[in-house]
Amino acid sequence: MKIGDITLKNPVVLAPMAGVCNPAFRLIAKEFGAGLVCAEMVSDKGILYENERSLKMLYVDEREKPLSLQIFGGERESLVAAAKYVDKHTNADIIDINMGCPVPKITKCDAGAKWLLDPDKIYEMVAATVDAVQKPVTVKMRVGWDEDHIYAVKNAQAVERAGGAAVAVHGRTRVQMYEGTANWDIIKEVKQNVSIPVIGNGDISTPQEAKERLDKYGVDGVMIGRAALGNPWMLYRTVQYLETGEILPEPNAREKMNICMLHMDRLIELKGEDVAVREMRKHAAWYLKGLPKTGSVRNEINQMTTRDNMNKLLFNYVDQVEEIQQKIS
Ligand SMILES: Cc1cc2nc3c(=O)[nH]c(=O)nc-3n(C[C@H](O)[C@H](O)[C@H](O)COP(=O)(O)O)c2cc1C
């Protein structure tokens, strides 16, 4: 797949996820084979007012590339200015516009999913952004606002006419938030009605499902979000399955905790130990998902405040699991 002049080595894309897709996790996703990694959304106004936290979110490690950096906003002037900033001052490859965030705090400011109600505005905002920058501009959208306002095809066509280089479509409406199931038939309809690349998104939880979505719905790429939380192997196993047809085994407890600690050490480098360990509590719980007898370790994670304590806790758990497994075999 090509997005503007950026070539992706495979169609597997890590979804943008706020609070998750910082350089620490993105680099792991890239090392696990993702063809493209997306950064968490950043506020256009935060960039304009040079808010320290927002500017830090624009950092891109060379090893993550190609990388898509997502901005959100509701007003043309600030959105375009933020895009120009990203264009000039970051080494992101792609500028993505968020048109899917369902949270009221965002939609009240006419940003995120609010755009989905107005294809003309989409055209105008995307065209103004494309005109102002050198990097390719893409859009990530939901299929519509609610069941009665599903303008996915019109909205994607507006992106295409405005010069957008690709569109990622999450098969839910804004009103659905994360409930119900993603509607891939609408994603297919979008694919059939635009000629820019379409990346399908929503509810892909296994490599086989990723392949089925590519084959059955004809999308150019598959975007994987929640299934990659604490599980970058999902990306690796999907890439391998698409390339060789082979389903690789799931990782064991030790392999998972090794990557969890690599993730934590990278996060510590970025944010310092205090903040990183607190942030890693949720990730550690995700890394433990699917492993046996995690009840007490999960409870204890939330009391951890240092890297070494977290490390000890996780590997004590691994030792216990391995001991039980040895007894059984
Ligand atoms: C924790 C979390 C944070 C998210 N943050 C963003 C975001 O910053 N920008 C965005 O476009 N979508 C965001 N999303 C939506 C995902 O990119 C994706 O569209 C959604 O999770 C559906 O895909 P999935 O079923 O593979 O998880 C977020 C989702 C989750 C679970």
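The values are calculated or read from the model by the stated rules, or taken from the named source; none is laboratory data. Only a predicted model underlies this, so the values are computations on that prediction, with no experimental measurement involved. So basically every Cβ, Gly included, is an ideal-geometry build from the backbone, and we count neighbours across all protein chains shown. In case anyone asks, the SASA skips ligands and DNA or RNA and just uses the protein heavy atoms, side chains included. Shrake-Rupley method; radii C 1.70, N 1.55, O 1.52, S 1.80 Å.
Do we have any residue at all in the range 98-121 that's within 14 Å of the ligand (Cβ to nearest atom) and of a type in the set (Asp, Glu)?
Taking the range 98-121 as the starting set, the residues that turn out to be within 14 Å of the ligand (Cβ to nearest atom) are 98-103, 105-107, 111-116.
After this cut, where a residue has to be of a type in the set (Asp, Glu) as well, the list is none.
Scanning the range 98-121 turns up no residue that is within 14 Å of the ligand (Cβ to nearest atom) and of a type in the set (Asp, Glu).
Only one of these is buried (at least 20 other Cβ atoms within 10 Å of the Cβ), touching a residue at least 60 places away in the same chain (Cβ under 8 Å) and not charged (D, E, K, R): 168, 182, 83. Name it. Walk me through how you get there before you give the answer.
Details: 182 fails: touching a residue at least 60 places away in the same chain (Cβ under 8 Å); 83 fails: touching a residue at least 60 places away in the same chain (Cβ under 8 Å).
Exactly one residue qualifies, and that residue is 168.
Scan the range 91-109 residue by residue and report those that are open to solvent by 20 Å² or more (accessible area, probe 1.4 Å) and closer than 26 Å to residue 14 by Cα.
Passing the criteria: 91, 93, 103, 104, 105.
Out of (1) in contact (Cβ under 8 Å) with a residue 60 or more places away in the chain; (2) open to solvent by less than 40 Å² (accessible area, probe 1.4 Å), the odd one out for residue 262 is which?
(2)
If you go through the range 211-237 one residue at a time, how many are open to solvent by less than 40 Å² (accessible area, probe 1.4 Å) and either of a type in the set (S, T, N, Q) or near the ligand (Cβ under 10 Å from one of its atoms) (or both)?
9
What is the residue count in the range 29-49 for residues that are over 21 Å from residue 125 (Cα atoms) and open to solvent by 20 Å² or more (accessible area, probe 1.4 Å)?
3
Which numbered condition trips up residue 123, out of (1) hydroxyl-bearing (Ser, Thr, Tyr); (2) closer than 27 Å to residue 211 by Cα; (3) surrounded by fewer than 23 Cβ atoms within 10 Å (Cβ to Cβ)?
Residue 123 satisfies all of (1) hydroxyl-bearing (Ser, Thr, Tyr); (2) closer than 27 Å to residue 211 by Cα; (3) surrounded by fewer than 23 Cβ atoms within 10 Å (Cβ to Cβ) except (2).
Assess whether residue 159 counts as being closer than 17 Å to residue 107 by Cα, within 15 Å of the ligand (Cβ to nearest atom) and aliphatic (A, V, I, L, M). It would help to see each step written out before you state the result.
Details: closer than 17 Å to residue 107 by Cα: no; within 15 Å of the ligand (Cβ to nearest atom): yes; aliphatic (A, V, I, L, M): yes.
No; evaluated as a whole, the condition is false for this residue.
For the range 285-329, which positions are closer than 23 Å to residue 234 by Cα, open to solvent by less than 30 Å² (accessible area, probe 1.4 Å) and in contact (Cβ under 8 Å) with a residue 40 or more places away in the chain?
Within the range 285-329, 285, 287, 288, 314, 317, 318, 321 qualify.
If residue 145 satisfies every condition in (1) touching a Lys or Arg at 6+ places or on another chain (Cβ under 7 Å); (2) more than 16 Å from the ligand (Cβ to nearest atom); (3) open to solvent by 20 Å² or more (accessible area, probe 1.4 Å) but one, which is the exception?
With (1) touching a Lys or Arg at 6+ places or on another chain (Cβ under 7 Å); (2) more than 16 Å from the ligand (Cβ to nearest atom); (3) open to solvent by 20 Å² or more (accessible area, probe 1.4 Å) applied to residue 145, the lone miss is (2).
With the requirement that a residue be more than 15 Å from the ligand (Cβ to nearest atom), more than 16 Å from residue 276 (Cα to Cα) and either in a helix (DSSP H, G or I) or aromatic (Phe, Trp, Tyr) (or both), what does the range 29-59 give you? Outline the logic, then answer.
Narrowing the range 29-59 to residues more than 15 Å from the ligand (Cβ to nearest atom): 30-33, 35, 45, 48-52, 55-56, 59.
Add one more test, that the residue is more than 16 Å from residue 276 (Cα to Cα), and what stays is 30-33, 35, 45, 48-52, 55, 59.
Hits for the range 29-59 are 30, 31, 32, 45, 48, 49, 52, 55, 59.
Considering only the range 110-120, how many residues are of a type in the set (A, V, I, L, M), in a helix (DSSP H, G or I) and open to solvent by less than 10 Å² (accessible area, probe 1.4 Å)?
2
Hey, among the residues in the range 1-16 that are in a loop (DSSP other than H, G, I, E, B) and of a type in the set (D, E, K, R), which one's nearest to residue 97 (Cα to Cα)?
Checked the range 1-16; the qualifying residue nearest to residue 97 (Cα to Cα) is 5.
Residues are listed down the side, and each one gets a yes or a no for (1) among the aliphatic types (A, V, I, L, M); (2) part of a helix (DSSP H, G or I); (3) within 16 Å of the ligand (Cβ to nearest atom):
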{"position": "164", "(1), (2), (3)": "no, no, yes"}
{"position": "169", "(1), (2), (3)": "yes, no, yes"}
{"position": "181", "(1), (2), (3)": "no, no, yes"}
{"position": "192", "(1), (2), (3)": "no, yes, no"}
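Here's a check for you: in the range 17-28, which residue that is crowded, with 20+ Cβ neighbours inside 10 Å and not in a helix (DSSP H, G or I) is nearest to the ligand (Cβ to nearest atom)?
By that ranking, first place goes to 20.
Filter the range 72-97 down to residues that are within 16 Å of the ligand (Cβ to nearest atom) and either in contact with a Cys (Cβ under 9 Å, 6 or more places away or on another chain) or over 18 Å from residue 156 (Cα atoms) (or both), then give me how many there are.
10
Which of the following residues is without any contact (Cβ under 8 Å) to a residue 60 or more places away in the chain, at negative phi and in contact with a Phe, Trp or Tyr (Cβ under 9 Å, 6 or more places away or on another chain): 158, 210?
When all the criteria are applied, what remains is 158.
Being of a type outside the set (Ser, Thr, Tyr) and within 16 Å of the ligand (Cβ to nearest atom): is that true of residue 133 here?
On the way: of a type outside the set (Ser, Thr, Tyr): yes; within 16 Å of the ligand (Cβ to nearest atom): no.
Criteria not met by residue 133.
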